[in-house]
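This report refers to the structure that appears directly beneath it.
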Amino acid sequence: MDVKLTLMDTGYCQQLEMFSRKGGRMKNIPFHAIAGLIEHPVHGLLLFDTGYSQRFFEATSKLPYSLYGKITPVVSEPHESISEQLAARGIKTTDIAGILISHFHADHIGGLRDFPHARLYCFESAYNHVKGKTGWAALREAYLPDLMPDDFDERVIFIDRGALVALPEAYAPYTEGYDLFADQSLYIVDLNGHAIGQFGVFLCDRDRGDIFLCADAAWSSEAYRGNLLPHPFAMLVMADRQAYREHLHKLHVLSRQRPDMKIMPTHCGEVWQASRGAFTWRS
């Protein structure tokens, strides 16, 4: 079953390119916080992450959370929040049926509170890893508890409580995942490594064909194309460094085997520009 995906840029943080991949320049570049609107013919409007919102700045106004903003300076205007961008398209926050939370880093959950009626989909392993953490313990996980809805526990659906299924051969080397709606429209795949319980989504866009939303399994398209690990200092912040290496290599293999597939890292400027039709997608 085909769906339609629209990407939205909610702002960016700045960091040295050299930290994101081997061979990167010693130059600050923007790391976009991209979220996706998924239009499903049966299950309605869904979001893949929510990126930044102005609540990020409120949540990082005091120590120790203010260190988050100092380490990765963020630029995000009010009109760039998901809720405002949806409003500009005539979509109310109450129209969003569900939000797929790839992982709980603050640049992925900044807009959760703007959608009080949406179902919340995540891996139980990811939620359990951050649940109850505050202060320095939360900061070490790049997690800001003030961004979480108060009724999260009442609205959450844990994807990894479901049964694993075999993925289509076209998604190899990824071989198993979760068929979210049991209709083959959204396959959820474990991408643990950058963060505990991170996941990605395979889908078929009715206009662009097969797409893999791979969250932060790579920080750029150049990284997965060349199988280029981040700087050793950046690797220190990975929750599971070995798993990160394995998934980066799988992305590399996938890109070689399926040059037609659009592999979309959340923070990649190339992905954002390509989604706007600025240039032809590179395989």
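The values are calculated or read from the model by the stated rules, or taken from the named source; none is laboratory data. Here the structure is a predicted model, which is why all the values come from computation and not from measurement. A quick note on method: Cβ atoms are made from the backbone with ideal geometry, for glycine too, and the neighbour counts reach across all protein chains shown. With ligands, DNA and RNA removed, areas are computed over all heavy atoms of the protein, side chains included. Shrake-Rupley method; radii C 1.70, N 1.55, O 1.52, S 1.80 Å.
Compute the relative contact order of the stretch 221-270 as a whole-number percentage, counting only Cα pairs closer than 8 Å that sit 6 or more residues apart in sequence.
Working: 26 pairs, mean separation 24.7, N = 50.
Reported relative contact order: 49 percent.
Within the chain, what percent of beta bridges assigned by DSSP are antiparallel, to the nearest 5? Please list the in-between numbers first.
On the way: 32 of 47 bridges.
Counting DSSP beta bridges with both partners in the chain, the antiparallel share is about 70 percent.
Between F123, F19, F233, the GNM of the chain built on Cα springs shorter than 10 angstrom shows F233 fluctuating the most.
Once neighbouring chains are kept in place and the probe is 1.4 Å, which whole percent of the accessible area of the chain is contributed by carbon and sulfur?
Working: 6260 of 12230 Å².
Ligands and nucleic acids excluded, carbon and sulfur reach 51 percent.
Summing -39500 (n - 2.57) over the DSSP H runs of n ≥ 4 in the chain and dividing by its residue number, what mean residue ellipticity at 222 nm do you reach, to the nearest 500 deg cm²/dmol? Present the calculation step by step, with values, prior to reporting the outcome.
Values: 12 runs with 76 residues, N = 283.
Rounded to the nearest 500, the figure is -6500 deg cm²/dmol.
The Rg/Rh ratio for the stretch 162-283 is 0.95, where Rg is the radius of gyration of the alpha carbons and Rh is the Kirkwood radius. Counting only residues at least eight positions apart within a chain, or on another chain, the lysines with an alpha carbon under 23 Å from that of K92 are K4.
If each residue of separation counts as 0.36 nm, what is the full-extension length gain between K4 and E124 once their alpha-carbon separation is subtracted? Could you put the intermediate results ahead of the total?
Values: separation 120, 0.36 × 120 = 43.20 nm, distance 2.68 nm.
Full extension of this stretch gives 40.5 nm more.
Could you check which residue among H194, H43, H249 shows the biggest mean-square fluctuation in a GNM of the chain with a 10 Å Cα cutoff? Comparing H194, H43, H249 in a Gaussian network model of the chain, the most mobile one is H43.
Which whole-number value in Å² is the accessible area per residue of the chain, probe 1.4 Å?
Numbers: 12230 Å² over 283 residues.
Per-residue accessible area for the chain comes out at 43 Å².
Among the listed pairs K62/K133; K22/K262; K22/K133; K27/K70, those whose Cα-Cα separation exceeds 25 Å are K22/K133.
Between V253 and F57, the contour length at 0.36 nm per residue exceeds the alpha carbon distance by 66.7 nm.
Of A59, A217, A182, the residue with the greatest mean-square motion in the GNM of the chain, using alpha carbon springs below 10 Å, is A182. Relative contact order of the stretch 193-283, taken over Cα pairs closer than 8 Å and 6 or more residues apart, is 36 percent. Structural descriptor for the stretch 48-180: relative contact order 25 percent, calculated from alpha carbon pairs under 8 angstrom and at least 6 residues apart.
Set the Förster radius R0 to 51 Å, insert the Cβ-Cβ distance between D151 and K27 as r into 1/(1 + (r/R0)^6), and round the FRET efficiency to 0.05. Once rounded, the FRET efficiency stands at 0.75. Grouping the Cα pair distances of the stretch 4-276 into 5 Å bins from zero gives a pair-distance distribution of 1, 6, 13, 19, 21, 19, 13, 7, 2, 0 percent in increasing distance order. If R0 is taken as 22 Å, the Cβ-Cβ distance between R276 and A88 corresponds to a FRET efficiency of 0.90.
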